[in-house]
1. For residues that are at positive phi and at pLDDT below 95, scanning just the stretch 79-135, find the one that is surrounded by the most Cβ atoms within 10 Å (Cβ to Cβ).
2. Filter the stretch 151-176 down to residues that are of a type in the set (Phe, Trp, Tyr) and in contact (Cβ under 8 Å) with a residue 24 or more places away in the chain and give me whichever is farthest from residue 73 (Cα to Cα).
3. Kindly provide the set of residues from the stretch 5-27 that are part of a helix (DSSP H, G or I) and closer than 20 Å to residue 46 by Cα, ordered by number.
4. Can you name every residue in the stretch 113-143 that is part of a strand (DSSP E or B) and over 13 Å from residue 75 (Cα atoms)?
5. From the list 58, 71, which one is in contact with a strand residue (DSSP E or B) (Cβ under 7 Å, 6 or more places away or on another chain), in contact (Cβ under 8 Å) with a residue 12 or more places away in the chain and closer than 18 Å to residue 166 by Cα?
6. Give the residues of the stretch 20-40 that are open to solvent by 40 Å² or more (accessible area, probe 1.4 Å) and within 15 Å of the chain's Cα centre (by Cα), sorted by residue number.
7. Taking into account only those residues within the stretch 41-66 that are farther than 24 Å from residue 15 by Cα and open to solvent by 30 Å² or more (accessible area, probe 1.4 Å), which is modelled with the lowest pLDDT?
8. What about residue 53, is it in contact with a strand residue (DSSP E or B) (Cβ under 9 Å, 6 or more places away or on another chain) and either more than 16 Å from residue 127 (Cα to Cα) or not hydrophobic (A, V, I, L, M, F, W, C) (or both)?
Amino acid sequence: MAFSNRRTQVKLEPYFQELLAQQQWLPEKFAKINPESKMGGGIGQWLLYRAKDRSLSVFSLVIPPGSTTPVHDHLAWGLIGLYKGNQEETVYRRVDSGNAEGQAQLQITEVRSLQRGDIYRLLPPDGDIHAVKTTSESESVSIHLLGNDTGCIWRHQFIPESHSVKSFRSGYSNAPCKEEEEKEHAQVS
């Protein structure tokens with residue numbers, strides 16, 4: 001499976017690079033911060049595309065200047081590219097067995113500066129745990145193409161200082177998750 005996902009990344013990357021280079025395609029409403037975000041800190045996660053079977057999603061992640069995402073994982077292969085602004089990404093590796101509920105030991109494996117047009121690959125477990133900080137004077141916008149419905153699955157949020165981990169679902173700023181859709185539909189019926 002990992003080999004197949006790596007081949008998919010290699011095939012998609014030139015097209016993804018081309019998309020990032022075009023600065024007029026993303027509507028302004030998907031490049032805004034969101035004070036009501038489930039990620040916190042005004043971070044907007046705007047769904048652009050979701051496969052019907054929820055095996056693929058494309059979304060923009062908008063991080064206000066000086067803000068940092070929680071340390072989190074994605075649980076999916078993918079490509080992430082910086083569309084606007086500058087970021088600093090801190091990549092972690094989990095070094096414990098994962099057997100102690102609510103506990104996690106992380107080790108920083110890399111800190112990198114990202115400029116507009118930079119792309120990085122996710123192929124869990126490699127590079128799947130990270131935190132991203134906007135280092136530009138205006139918000140940063142990254143485009144995520146991931147092999148799951150990232151905003152709607154339960155993932156992990158890590159707190160390195162306390163060696164802890166908890167489940168979280170980031171949601172989308174503009175689209176409900178399946179359970180929310182079903183709840184809304186039941187209320188209408």
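1. Among those residues, the one meeting the criterion is 127.
2. At the first step, the residues of the stretch 151-176 found to be of a type in the set (Phe, Trp, Tyr) are 154, 158, 168, 172.
Keeping just the survivors that are in contact (Cβ under 8 Å) with a residue 24 or more places away in the chain gives 158, 168, 172.
Values: 158: 8, 168: 10, 172: 16 Å.
Step by step, filter the stretch 151-176, then rank; the result is 172.
3. Matches in the stretch 5-27: 16, 17, 19, 20, 21.
4. Taking the stretch 113-143 as the starting set, the residues that turn out to be part of a strand (DSSP E or B) are 113-114, 119-123, 126, 129-134, 140-143.
Listed by number, the residues that qualify are 113, 114, 119, 120, 131, 132, 133, 134, 140, 141, 142, 143.
5. Numbers: 58 fails: closer than 18 Å to residue 166 by Cα.
Selected residue: 71, the only one of 58, 71 that is in contact with a strand residue (DSSP E or B) (Cβ under 7 Å, 6 or more places away or on another chain), in contact (Cβ under 8 Å) with a residue 12 or more places away in the chain and closer than 18 Å to residue 166 by Cα.
6. From the stretch 20-40, those open to solvent by 40 Å² or more (accessible area, probe 1.4 Å) are 21-25, 27-29, 32-33, 35-36, 38; that's our starting set.
33, 38 - these are the residues of the stretch 20-40 that are open to solvent by 40 Å² or more (accessible area, probe 1.4 Å) and within 15 Å of the chain's Cα centre (by Cα).
7. Only one residue tops the list, namely 41.
8. no
The values are calculated or read from the model by the stated rules, or taken from the named source; none is laboratory data. Quick caveat, the model's predicted, so the values are computed rather than measured. So basically every Cβ, Gly included, is an ideal-geometry build from the backbone, and we count neighbours across all protein chains shown. The area values use the complete protein model at the heavy-atom level, side chains included, leaving out ligands, DNA and RNA. Shrake-Rupley method; radii C 1.70, N 1.55, O 1.52, S 1.80 Å.
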